[in-house]
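Peer 1: Starting off with a structure, shown below.
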Amino acid sequence: MHRRPPAGEEGGQCVGAEEATGRERCMENIPKNLQSVRDRIAAACDRADRDPGGVTLVAVTKTVGGDEIRRLYDLGVRDFGENRVQEGLDHAALLGQADARWHFIGHLQRNKAAAALAMFRRIHSVESPKLINVLDKECGILGYRAEIMLEVNVSREESKYGIAPGGAVELTEKALSADNLSLFGLMTMAPFTADPETVRPVFRGLRELRDRLADRFPVAPLELSMGMSGDFEVAIEEGATIVRVGGALFE
């Protein structure tokens, strides 16, 4: 039985291969894998009558090496996702490109907030008023605004982080009151399943929650970070504007 990792997206498979040839094959496959993911994004957008330009691919690079990240960068990828602060800092240093955009997609402990803000300007996984307070304070010290997403546990799984949908209004009010944070969207993770259609209601639920919040609060349309390697096409059909893909890029 396969289990989905606890946060963000499954990692890549290049690093840790038993044989050097395994990693070489992985590196050789990155261009065609990336094109396949882009084609699948475009096809899903076509089915939903959407512009593919409205969907951002975040390449999840946890567990892969600097060569793989550089290869993606050279192929035009600019958005990268990490779910561990130190690993993300290391990867950013290895890449060394100022125009790369780093997204933090894992569970963020309050004592790691300052370290995370040293690099990540987009935090997808904000789930509590206390974390908002810490991020707001640290951004005030650093002198810039960070963009945050509220993580919502739409599926209500006990194993997942995120607020219950019923707490979204209160947490949105808290986020909008922060002096040094900009609320730019909502994030969720669907249950792992072999059939992506079974999690369509989860993605639809986040979109409908976004629409209700838009009716209540005078904010710009919030983005939706939802969908991973096994289900991002369904997520796009339900309105995802950001998909977090790792495994499909590093097969």
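Peer 1: Could you list all residues from the range 163-190 that are of a type in the set (A, V, I, L, M) and more than 22 Å from Gly227 (Cα to Cα)?
Peer 2: Val169, Leu171, Ala175, Leu176, Ala178, Leu181, listed by residue number.
Peer 1: Here is a further query. Report, by residue number, each residue of the range 62-82 that is at pLDDT below 95 and closer than 14 Å to Gly106 by Cα.
Peer 2: Across the range 62-82, the qualifying residues are Lys62, Thr63.
Peer 1: Given (1) without any contact (Cβ under 8 Å) to a residue 60 or more places away in the chain; (2) within 16 Å of Leu183 (Cα to Cα); (3) not in a helix (DSSP H, G or I), identify the lone condition not met by Val134.
Peer 2: (3)
Peer 1: Provide a single number: the residues in the range 151-205 that are surrounded by fewer than 16 Cβ atoms within 10 Å (Cβ to Cβ), small (Gly, Ala, Ser) and more than 26 Å from Ala113 (Cα to Cα).
Peer 2: Matching residues across the range 151-205 total 1.
Peer 1: Also: Pick out, from the range 58-128, the helices (runs of 4 or more DSSP H) lying fully within it that include 2 or more residues that are in contact (Cβ under 8 Å) with a residue 24 or more places away in the chain and under 21 Å from Met149 (Cα atoms).
Peer 2: 85-95, 113-117
The values are calculated or read from the model by the stated rules, or taken from the named source; none is laboratory data. Just so it is clear, the structure is predicted and the values come from calculations on it, not from any experiment. Note that we place each Cβ from the backbone using ideal geometry, even for glycine, and neighbour counts take in every protein chain shown.
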